[in-house]
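**Student:** Would you mind keeping the following structure in view while I ask a few things?
The values are calculated or read from the model by the stated rules, or taken from the named source; none is laboratory data. Not measured: the values here are computed from a predicted model. Please note: Cβ atoms are built from the backbone with ideal geometry, for glycine as well, and neighbour counts cover all protein chains shown.
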Amino acid sequence: MPALRRYWYPVAFSRSLEPGPLHRRVLGVDIVLWRSSGTRAHAAVDQCPHRDAKLSKGWVQDERLVCPYHGWEFGCDGRLARVPQLDDDAPLPPKGRLASILCTERYGWIWVCLDDEPVGGLPEIPEWGADGWRVVPEYEWLFDCSAAHLVENNIDPAHIAFVHRESFGAGVDPRVNVPDAERTGFGLRFRSVIEVASRPGESGGTVRISTSDLWGPFCGVFRIEYPDGLVHIMVKACTPELDGHTRLLQQVVRNDAEADRPSADILAFDDKVEGEDQDILDGLPPDYPLAPTAQVHTRVDRPALELRRYYADIISGAWTPEPVA
């Protein structure tokens with residue numbers, strides 16, 4: 001869908017690209033990522049203009065991306081810099097350049113946009129890097145479901161008592177409060193109060209007061225506050241690779257210290273939770289139904305219905321995000 005190409009998508013952790021190249025896929029487009037001088041990240045369509053080889057199978061040498069098939073070398077700007085089979089003073093084919101893709105880094109991720117005129121910008125996370133806050137880098141998971149299905153799962157409290165009955169949903173009352181939903185300049189915001197059985201590395205019931213912000217189509221910033229003052233912020237990017245296939249990248253920001261709750265506890269807890277979700281979501285139909293009449297709903301499904309209206313407006317062009325400074 002052309003409208004979805006205008007948004008920024010995280011595709012990899014920055015730590016994954018040292019120096020590359022690395023293959024990723026967004027909205028059906030194969031992408032190669034690489035670094036120059038070990039610092040700046042670059043992105044292009046993962047296809048050599050010579051004989052279509054995957055550049056992600058090549059290597060980086062002297063600031064250039066080298067094709068593994070015939071050794072053609074490309075500069076950071078995508079221009080052809082050298083053809084080993086030609087003399088150094090021979091002219092290079094003018095069409096021998098890569099289809100470059102907009103690329104940037106923030107929050108420990110590499111982001112790309114398939115359109116030359118992005119909309120909306122990246123999420124605002126003021127706690128990131130601020131005094132009194134720490135970042136817990138997490139993992140990537142591959143889901144066999146659409147990005148929209150995965151986003152909906154993260155704003156749906158009704159599944160917790162069942163899908164997560166072996167973790168934070170154990171014994172939780174399935175009669176949940178219905179989250180509030182509102183449209184914002186950057187996307188959607190959901191607010192909810194949910195009882196849970198536990199939190200990472202701990203046992204015993206508590207209450208999660210959540211403000212969940214959806215930036216653009218598929219990137220969520222989920223701020224969870226607990227009665228004792230702990231704030232646990234999950235940054236979740238549901239990046240669509242293909243129809244029915246999504247890469248989930250996740251990081252956590254917290255206002256406690258490693259001594260209070262080791263990162264290993266948080267990682268283990270969240271990996272278990274994502275595995276529980278994956279067991280249900282993998283294999284869902286690849287198409288996400290936007291029409292309200294396509295499925296059966298109850299009042300608890302208010303967030304999902306608002307999400308469908310939101311996606312319909314993005315696709316039709318009836319809504320675009322406000323610019324981010």
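**Student:** Taking the criterion of being under 30 Å from Pro126 (Cβ atoms) and not hydrophobic (A, V, I, L, M, F, W, C), would at least one residue in segment 95-104 satisfy it? Give the derivation first.
**Tutor:** Filtering segment 95-104 for residues under 30 Å from Pro126 (Cβ atoms) gives 101-104.
Remaining after also requiring not hydrophobic (A, V, I, L, M, F, W, C): 104.
Yes: segment 95-104 contains one or more residues that are under 30 Å from Pro126 (Cβ atoms) and not hydrophobic (A, V, I, L, M, F, W, C).
**Student:** Within segment 62-82, is there a residue that is of a type in the set (Lys, Arg) and in contact with a Gly (Cβ under 7 Å, 6 or more places away or on another chain)?
**Tutor:** Yes - at least one qualifying residue is present in segment 62-82.
**Student:** Could I ask something else about it? Return the only residue of Asp88, Asp30 being assigned to a loop (DSSP other than H, G, I, E, B) and acidic (Asp, Glu).
**Tutor:** After ruling out the rest, the residue left standing is Asp88.
**Student:** So if I check each of Arg199, Arg165, Arg183, Arg175, which one is outside the structural domain of Gly108 (by TED's automatic domain parsing), in contact with a strand residue (DSSP E or B) (Cβ under 7 Å, 6 or more places away or on another chain) and of a type in the set (Lys, Arg)?
**Tutor:** Details: Arg165 fails: in contact with a strand residue (DSSP E or B) (Cβ under 7 Å, 6 or more places away or on another chain); Arg183 fails: in contact with a strand residue (DSSP E or B) (Cβ under 7 Å, 6 or more places away or on another chain); Arg175 fails: in contact with a strand residue (DSSP E or B) (Cβ under 7 Å, 6 or more places away or on another chain).
It is Arg199.
**Student:** A further question follows. Inside segment 58-75, can you point out the residues that are outside any loop (DSSP other than H, G, I, E, B) and surrounded by 14 or more Cβ atoms within 10 Å (Cβ to Cβ)?
**Tutor:** Pass one, segment 58-75, residues outside any loop (DSSP other than H, G, I, E, B): 59-61, 64-66, 73-74.
Within segment 58-75, Trp59, Val60, Arg64, Leu65, Val66, Glu73, Phe74 qualify.
**Student:** What number of residues in segment 240-298 are farther than 21 Å from Arg134 by Cβ, of a type in the set (A, V, I, L, M, F, W, C) and within 16 Å of the chain's Cα centre (by Cα)?
**Tutor:** Of the residues in segment 240-298, 2 are farther than 21 Å from Arg134 by Cβ, of a type in the set (A, V, I, L, M, F, W, C) and within 16 Å of the chain's Cα centre (by Cα).
**Student:** Does segment 239-260 contain at least one residue that is surrounded by fewer than 22 Cβ atoms within 10 Å (Cβ to Cβ), closer than 30 Å to Glu322 by Cα and without any contact (Cβ under 8 Å) to a residue 24 or more places away in the chain?
**Tutor:** No: zero hits.
**Student:** Another question, then. Does Leu150 satisfy the criteria of being in contact (Cβ under 8 Å) with a residue 60 or more places away in the chain, closer than 22 Å to Thr246 by Cβ and either of a type in the set (D, E, K, R) or assigned to a strand (DSSP E or B) (or both)?
**Tutor:** Judged against the criteria, Leu150 is not a match.
**Student:** Additional query: Which one is nearest to the chain's Cα centre (by Cα), of the residues in segment 164-196 that are β-branched (Val, Ile, Thr), part of a loop (DSSP other than H, G, I, E, B) and within 25 Å of Phe218 (Cβ to Cβ)?
**Tutor:** Thr184
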